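Below: one structure, written as structure tokens.
What follows is calculated from the coordinates using simple rules that are stated; it is not laboratory data. Just so we're clear, the structure is a prediction, and the values are computed from it rather than from any experiment. Note: ideal-geometry Cβ built from the backbone for every residue, glycine included; neighbour counts use all protein chains shown.
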Amino acid sequence: MAAAKPSTARNREQPKFDLTKISARVDRVNVSGLLRTHNDYVMKAAQGLFKARNFEEVMLESMHAKSYLHELGIFKDVSVHIDVSRGDTASPDGYEVTFKGKELPRILGSVGTEIGQNEGSLRTELTVPNLLGRGESISLQGSYSSKRANDVQLKFWKSYFHTRFMKNRPELSFSIFRRLDRVDISHFQNTNMGLLTELAVNTDYPIPLSHSVQYETSIRELSLLGRTVPMAIRQQCGPKLASLARYSLIFDQRDNPVFPTNGIMLKAINEYCGLGGNIAYVSSCVHGEVSVPLFSGIVAQVCGRVGVVKKTKKTDYLPLSNLYLCGGPLTLRGFKYGGAGPVVDGTPIGAETYWSTGFHLWAPLPYHHVFKSFANNFRTHVFYNAGNFNTFSVDNMRTSVGLGLAFKLAERARIELNYCIPLRTCPSDKLNNGFQFGIGYEFV
């Protein structure tokens, strides 16, 4: 028996339409659902729509306008509807575009956990969005960590002059904060209270860059946690006024922020303190990563970090809270937190200069194709770490090797359980020979 011929209708190709050849223009744009928002704040979303000359441009500009309305921070959800224009003033090729938005409630609240550098904390937040009708928001945030840092922050922010930037949107924010840092290994805690002003700009094209300019003025108070604190720490106790400017630059071309298989990331933070007050210093910290795919899912990665803080002519000492604590699961595995840096009377106090590098070979779990998406949250790696402080030479350089298992946490941070073997050490170092646990978002 001859095989049945496939249906002619099934083989028939679907007709294709070139939307650029369909003449179209936008006669009217409607934005519904505005309760507290001023009309002038959303009018800029329609600028590109009135420039459309065919139906494809109408659709693309509608999607751009929808994204823009989302980014204003006033709507919970936005839908778009395109219909032919009607009425006495309708043009022959005219269309009417309607955006239906649902504004955010007057008060938002959230409770959750937050991952920091080798610490976790409980965070609560209360936000009043769209406070004055043009995207202004105010929030009260608080976090508690049983390990190192507690803070309370009152923040006000809005899009910069509510101006439409398709690829470049500045945001201006003001924050009043109180932060408590406990450095148990050094037996002191640092309390900061002050005002932070930030102007942030993110660009996606032609290169992924993030800029941030901040001005901070704060009162910093160093207090003791024990009676056996060395005199070098006691001399810096008491409140001090800091006034500083900070510039941050992030270039991130990685395909994944936690387990990248390809790409480059470079982050630089520069501070100048001494615009007022009685604390003065200049600091710069640079962190970089390069990932290269090899074969069978194996990825080679090179990481590095360099930090420098120097005195200025306005002061003859550096605040302890700005020195770099070398060692730990995030910088130099196989050493305890602060265990590979300068020591005074057996207490780590931090270094003016430090550097660390890491060489990794990352690989997926065996039989990862069987567990599919669940196995994508895990990676195994072998590593080699090297670092030093107060010098860029390899004299007295600390090194370690090991292997471990890493788990991806919420597409932003990761948890590592490593078995570490310190190779080159100094008598004053505090080692962690064996298993070491680390959690954070920037590892070396």
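Quick notes
- Amide H partners (placed H, <5 Å) of Ser85, local residues excluded: Gly94, Tyr95, Glu96
- Prolate/oblate/rounded label for region 283-348 (Cα gyration tensor, a/c 1.5): oblate
- Per-residue HN-Hα couplings for region 315-327 [Karplus 6.51, -1.76, 1.60; θ = phi - 60°; Hz; x = Gly/Pro]: 8, 10, 8, 10, x, 4, 5, 9, 7, 9, 8, 8, x
- Only lysines eight or more places from Lys100 in sequence, or on another chain, were considered; those with a Cα closer than 19 Å are Lys44, Lys66, Lys76.
- The calculated FRET efficiency for Ser23 paired with Phe251, based on their beta-carbon distance and R0 = 45 Å, is about 0.55.
- Within straight-line cross-link reach of Lys408, lysines at Cα separation under 16 Å, skipping those fewer than 8 residues along the same chain: Lys372
- Radius 14 Å from Cβ of Val282, net charge of other residues (Lys, Arg +1; Asp, Glu -1): +3
- Pairs from the table (Lys158/Lys310; Lys155/Lys314; Lys267/Lys336) lying more than 28 angstrom apart at Cα are Lys158/Lys310; Lys155/Lys314.
- Environment charge at Ala90 (Cβ cut-off 15 Å; Lys +1, Arg +1, Asp -1, Glu -1): -2
- Summing Lys and Arg as +1 and Asp and Glu as -1 over all other residues whose Cβ lies under 12 Å from the Cβ of Lys66 gives a net charge of -2.
- In order along region 424-439, the phi-based Karplus estimate (6.51 cos²θ - 1.76 cosθ + 1.60, θ = phi - 60°) of 3J(HN,Hα) comes to 10, 9, 10, x, 7, 6, 9, 9, 10, 7, x, 6, 9, 9, x, 9 Hz; Gly and Pro are listed as x.
- Dividing the convex hull volume of the alpha-carbon atoms in region 19-103 by its residue count gives 85 Å³ per residue.
- Sites Leu34 and Leu423 - FRET efficiency at Förster radius 51 Å, r taken between beta-carbons, to 0.05: 0.20
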